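The values are calculated or read from the model by the stated rules, or taken from the named source; none is laboratory data. Just so it is clear, the structure is predicted and the values come from calculations on it, not from any experiment. Glycine gets a Cβ as well: all are built from the backbone with ideal geometry, and neighbour counts include every protein chain shown. Please note that ligands, DNA and RNA were not included when accessible areas were found on the heavy atoms of the full protein model with its side chains. Shrake-Rupley method; radii C 1.70, N 1.55, O 1.52, S 1.80 Å.
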Amino acid sequence: MKTSGLEKGVNQGVAPVTYGQGERPPRGDYARARSDYTCAQDYAQYSEADHDTYRRLYARQSAQIEGLACREFIDAVAQLGAPDRIPRFEAISERLRKATRWEIVGVPGLIPEEAFFALLAQRRFPVTDWMRTPEEFDYVVEPDVFHDLFGHVPLLFNPMFADYMQAYGEGGLKAARLGSAELLARLYWYTVEFGLIRGSEGLRAYGAGVLSSAGELRYSVSSPEPRRIGFELERIMRTRYKIDSYQASYFVIDSFDQLFEATAPDFTPIYERVSRLGEIEAGAAADGDRAIALP
Ligand code: PHE
Ligand code: FE
């Protein structure tokens with residue numbers, strides 16, 4: 001939940017593993033992936049316990065989204081289908097293609113960042129197909145099928161957010177060529193994973209990492225503890241982030257239009273400037289911050 005698909009080289013070069021019929025493929029079984037790292041959703045492998053874990057996670061999160069998640073997310077979450085079984089990716093893709101020309105594709109787990117960017121640029125969102133164990137109910141270190149589906153997929157039904165994700169993928173391929181993928185990864189982290197939005201209903205979450213987290217959803221939107229800062233592209237690119245605790249800072253957009261427009265310019269000179277300016281620690285204040293106060 002606290003990791004995006006962006007971590008460098010994670011699980012690359014894992015030796016091919018075989019597994020017997022009816023046996024669960026180990027995590028990171030990249031032998032079943034195609035050269036673009038996608039794989040068929042291994043639906044037959046889900047046990048009743050896996051479906052039950054999905055059902056319980058879904059119930060816990062959907063019970064708290066009202067008042068905490070943004071309206072676009074709440075309106076779209078039903079597009080995932082019945083909340084009591086792990087959905088079939090193909091059924092979601094059919095609806096997504098009609099809505100925004102996106103589709104979801106299975107992956108065995110984290111994939112190299114260039115493969116990830118390439119899929120986004122093609123409007124294909126990679127969804128990990130395995131389910132966390134019951135012991136990992138509250139926290140799982142890698143994205144699993146629940147995080148990827150519940151956290152990421154509903155907003156792909158929103159046209160503006162859908163276009164942002166594709167632009168991000170294209171920008172990622174360019175950033176990789178320029179050696180600036182780490183700066184761009186921070187933008188993903190503070191928007192797609194942990195972003196907050198302040199619209200007519202007040203402060204709400206739209207980031208997948210918060211939306212799929214039992215505790216951080218409420219924390220991010222209503223705790224007085226973390227810093228909340230108005231969206232500023234270069235500030236975000238300079239800001240380090242936490243992967244093993246709740247975020248110390250959240251960045252707040254006014255609308256998805258604002259996000260799309262602020263990220264439309266060519267980043268090439270921005271990367272150069274930002275790397276000269278230096279990093280900001282995760283919870284630190286910086287000159288020019290627009291503090292977003294709680295109501
Ligand atoms: N405008 C960015 C660039 O030129 C691409 C981008 C768009 C990156 C949206 C992230 C999000 O690199
Ligand atoms: Fe994620």
About the Cα centre, and with charges only on the beta carbon of Lys, Arg (+1) and Asp, Glu (-1), how big is the dipole of the chain? Nearest 20 debye, please.
260
At 7 Å along the Cα-to-beta-carbon direction for both R88 and K242, put a label point, then send me their distance in nm to one decimal.
4.2
Given that compact globular proteins tend to follow 2.2 N^0.38 Å, what is the ratio of the alpha-carbon Rg of the chain to that value?
0.96
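Using DSSP, restrict attention to beta bridges with both residues in the chain and report what percent are antiparallel, rounded to the nearest 5. Could the numbers behind the result be given before it?
On the way: 6 of 19 bridges.
Antiparallel bridges: around 30 percent, rounded to the nearest 5.
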Zone of F260 (label point 7 Å along Cα→Cβ, backbone N under 13 Å): which residues in the stretch 87-102?
100-101
Helix 48-62 sits at what angle to the longest principal axis of the chain, using alpha carbons and giving 0 to 90 degrees rounded to 10?
30
In Å², what does the accessible area per residue of the chain work out to with a 1.4 Å probe?
43
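Work out, step by step, the length gained on full extension between R177 and I292: first 0.36 nm times the residue separation, then minus their alpha carbon distance; give nm to one decimal.
Working: separation 115, 0.36 × 115 = 41.40 nm, distance 3.50 nm.
Gain in length upon complete extension: 37.9 nm.
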Could you tally the net charge around G199, taking each other residue with its Cβ under 14 Å from the Cβ of G199, Lys/Arg +1 and Asp/Glu -1?
-2
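If you keep only loop residues by DSSP, which chymotrypsin sites (Phe, Trp or Tyr not before Pro) in the stretch 116-191 have at most 13 other Cβ atoms within 10 Å of their Cβ?
Numbers: sites: F116, F117, W130, F137, Y139, F146, F150, F157, F161, Y164, Y168, Y188, W189, Y190; in loops: W130, F137, Y139.
Here the sparse-neighbourhood loop sites are Y139.
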Once amide H atoms are placed 1.01 Å from N in the peptide plane, what residues at a sequence separation of 5 or more from G199, or on another chain, have their amide H within under 5 Å of its amide H?
R204
The chain - mean residue ellipticity at 222 nm from DSSP helices (-39,500 (n - 2.57) per run, n ≥ 4, rounded to 500):
-10000 deg cm²/dmol
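Given a Förster distance of 30 Å, report the FRET efficiency between K98 and V141 from their Cβ-Cβ distance, rounded to the nearest 0.05.
Working: r = 35 Å, r/R0 = 1.16.
Efficiency at R0 = 30 Å is approximately 0.30.
Count the net charge of all other residues whose Cβ sits under 12 Å from the Cβ of E281, scoring Lys and Arg as +1 and Asp and Glu as -1.
Details: positive: R227, R238, R240, K242; negative: E279.
Combined, the nearby Lys, Arg, Asp and Glu give +3.
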Normalising by the residue count of the stretch 174-289, find the relative contact order in percent from Cα pairs under 8 Å and 6+ residues apart.
28
Radius of gyration, Dmax [the stretch 153-207; alpha carbons; angstrom]:
12.7, 40
In the chain, what percent of the accessible surface is made up of carbon and sulfur (1.4 Å probe, ligands and nucleic acids excluded)?
50
Take the Cβ-Cβ distance between A78 and D163 as r, set R0 to 25 Å, and report the resulting FRET efficiency rounded to the nearest 0.05.
0.65
